[in-house]
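Rule-based calculations on the coordinates, nothing more; no lab input. On a predicted model such as this, the values are computed, not experimentally measured, just so you know. With ideal geometry, Cβ positions are generated from the backbone for all residues, glycine too; neighbour counts draw on all protein chains shown.
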Amino acid sequence: MIRTRALSALIAVTALATAVWPLQPISAQLNEPPVPSVAPGYRAPQAAPTGAQIIGVTQQPFVGISLQDAIAMSLLNNPKLAVSASNFRIARYNIVQVKGAYDVVLHLEPQSSFSVNPPENFLQAGPGEVGEYTPGPTFTSGPGNIIQHQSSTAYGLSGQTENGTSYQAGITQSRTYNNTTFNAYNPYYLASLNLAVTQPLLKNFGMNATKRQLKLAFINADADTAQTLIDASNTISQVENTYWDLLSAWRNVAIQEEALRESIAQQQSNLRLVKRGAAAPIDAVESETQVANFQTDVFRALQTVSELQNQLKSLVASHAGDPIWSANLVPSTSVEQLPSAGDLSTVVAEAKAKRPEVRQALDRRLAAGVDVVFAKNQSLPQADVQAQYQSNGFAGILTPVPKFIAGYCGKGGLGLSECPTPPPNTQGAMPWAYHNMWAGYFPAFNIALIVGYPIQGHLARGLRGLASEETTQARVLMQGVDERIGAEARNALQSYQSAFSKLNAARQARESAEVVYASELRKFHNGESTTFLVLQRQLELSQARGSELRAQTQLNEAVVELQRVEGTILSSNGVNVQTLGSQASALGTGVP
């Protein structure tokens with residue numbers, strides 16, 4: 001029985017050893033590739049570190065800048081705002097350009113023509129005498145040539161109104177010399193007054209392409225103004241956030257330098273204890289490591305200061321040669337004034353009343369409304385009334401009646417004792433022609449109705465479809481703006497409340513860390529603590545100070561975001577669209 005048990009145990013042990021002992025590699029074993037030798041023999045350079053300084057800064061030691069000064073400088077100098085304000089002015093000039101369609105156009109057209117033609121028959125021939133033509137000197141080249149000289153001047157004005165009425169008024173005067181024998185006047189004068197009005201009754205009445213363009217130009221100008229305000233709001237927000245980040249960075253430098261001084265004092269204390277044999281040498285090594293770590297933190301904090309200074313300078317400087325680039329900027333405004341944050345409904349209502357994004361959405365809806373009205377108008381048939389009035393004035397210098405005609409009249413061939421004489425009011429020069437024109441002796445009237453209607457109506461259908469889609473887009477855009485304002489208001493209020501609570505907690509944690517560190521330091525001096533614990537308390541205190549600083553910065557930035565969401569960031573900083581980027585614009589045009 002014992003033998004059987006021993007044999008069974010031996011077999012079990014053998015089986016277990018066989019299962020555990022790997023006779024060949026299995027899939028679970030690691031099969032890593034060989035690691036190459038990278039930079040063998042590398043050693044860190046034995047060079048002393050550079051001094052703690054900020055690159056590009058020559059104005060020493062510091063240049064204080066307040067938050068309001070930084071905002072004011074950005075509003076005047078920021079190149080992006082200068083471009084945005086320029087777009088606003090371009091939109092205004094577009095309005096002026098479109099209004100040019102309603103300008104009253106003055107026109108003046110002087111002409112002069114001279115011709116010499118051979119006679120076609122004895123009724124259409126000149127006097128047949130070679131002589132000088134007044135106001136020559138021009139001589140006929142043969143008997144009977146017809147000489148004609150006409151000089152004329154046309155002047156007047158024309159234009160159109162917003163409702164589609166087009167008008168034209170003009171005067172044409174001419175003097176004609178014609179030496180044809182049968183002409184009763186030579187020279188003779190014409191003065192003609194021409195008045196014409198075209199009034200649409202259906203299509204293009206009240207709304208037409210030019211009026212639509214003008215209305216859209218006004219709406220686009222307002223939308224560009226809103227975009228300029230949006231850019232100004234974003235720029236102010238960036239300036240304020242960067243300002244508070246820079247303030248936090250400088251305070252962080254002070255925190256890290258304070259931690260460095262405390263670690264150096266601890267290191268010197270440990271060295272004295274090591275010399276007296278009261279502490280192990282490793283304690284001095286530990287404190288030396290802590291000093292090196294805090295030195296690294298100081299340089300890292302200064303790098304952050306340099307980056308934030310450059311970021312702030314890029315927002316407030318007008319050009320690369322601005323003296324502010326060489327200034328060592330230090331914020332002089334200590335903390336953001338806390339607003340009286342209302343509830344969610346109050347913030348949302350305030351934002352809908354003041355945010356320029358809402359103004360842009362409303363402009364989009366107004367533009368769609370203009371296109372709807374224009375599409376309806378273009379669907380109407382054309383029915384235009386045209387009215388014209390013309391008053392002709394005529395006068396001339398009488399020419400002698402040809403002898404054979406005078407003899408024929410005198411012999412009673414026409415039943416007359418003498419040849420007829422033209423009316424006295426037609427005998428004279430150009431003043432008499434004007435007199436007859438204004439007197440209306442020879443008027444002419446014309447009135448017409450022009451009706452037209454396109455059979456396919458593609459234009460009207462296309463305009464209606466576009467107007468319908470624009471109306472839908474405007475409605476969706478307004479819904480999106482309302483939704484975004486609601487979400488931003490929720491986030492801004494939440495961030496503000498959270499930042500306020502975190503600041504209180506961080507302040508309490510920092511105060512507690514100071515008490516703990518002071519207590520640990522006293523215990524160390526009394527021989528009741530270790531270097532490790534003192535260094536640990538130093539690190540915890542530095543971290544607590546940094547946490548409080550970050551919480552304060554987050555609170556400042558939460559206030560900025562709340563002002564931006566409400567739309568009060570523009571009014572509180574006195575933003576004037578007319579002066580945005582004026583300094584940068586002046587430099588761009590070469591104006592000193």
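A few remarks follow.
- Spacing of the modelled spin labels on GLU511 and GLN311, each 7 Å from Cα toward Cβ, amounts to 3.1 nm.
- About its Cα centre, the dipole of the stretch 502-548 is roughly 100 debye, where the only charges are +1 on Lys and Arg Cβ and -1 on Asp and Glu Cβ.
- Local electrostatic count, MET478, Cβ distance below 9 Å [Lys/Arg +1, Asp/Glu -1]: +2
- Per-residue extension of 0.36 nm, minus the Cα-Cα distance of GLU528 and ILE282, leaves a gain of 86.8 nm for this segment.
- For the stretch 242-314, the alpha carbon positions stretch 56, 13, 10 Å along the principal axes, listed from largest to smallest.
- Summary value for the stretch 206-345: 29 percent relative contact order, contacts being C-alpha pairs under 8 angstrom separated by 6+ residues.
- Fully extending the segment from HIS107 to VAL38, taken as 0.36 nm per residue of separation minus the present Cα-Cα distance, adds 16.1 nm.
- A simple rule links phi to the HN-Hα coupling: the Karplus curve 6.51 cos²θ - 1.76 cosθ + 1.60 with θ = phi - 60°, which for the stretch 290-295 gives 5, 4, 4, 5, 5, 4 Hz, with x for Gly and Pro.
- Coupling constants for the stretch 92-104 follow from the phi torsions by the Karplus curve (6.51 cos²θ - 1.76 cosθ + 1.60, θ = phi - 60°), and in residue order they are 5, 5, 4, 4, 4, 5, 5, 4, x, 5, 9, 5, 7 Hz; glycine and proline get x.
- Dipole moment magnitude, nearest 20 debye, the stretch 294-360 about Cα centre, only Lys, Arg, Asp, Glu C-beta charged: 220
- The alpha carbons of the stretch 189-286 occupy a box of 129, 37, 15 Å along the principal axes, longest dimension given first.
- Across the stretch 462-520, Cα-Cα distances exceeding 15 Å account for 72% of all pairs.
- The stretch 423-511: C-alpha pair distances exceeding 17 Å, %: 78
- Where the Cα pairs of the stretch 459-572 fall when distances are cut into 5 Å bins, in %: 2, 11, 11, 10, 9, 8, 8, 7, 7, 6, 5, 4, 3, 3, 2, 2, 1, 1, 0, 0
- Put simply, the C-alpha atoms of the stretch 421-462 give a gyration tensor, and the ellipsoid matching it has half-axes of 50, 11, 7 Å, longest first.
- Amide H contacts of GLN427 (H built 1.01 Å from N, in plane; Pro and chain starts excluded): GLY396 sit under 5 Å, all sequence-distant by 5 or more or on other chains.
- Partners of LYS203 within straight-line reach, counting aspartates and glutamates whose Cα lies under 20 Å from its Cα and excluding those fewer than 8 residues away in the same chain: GLU162, ASP371, ASP384.
- Relative contact order (%) - the stretch 506-560, alpha-carbon pairs under 8 angstrom, separation at least six: 44
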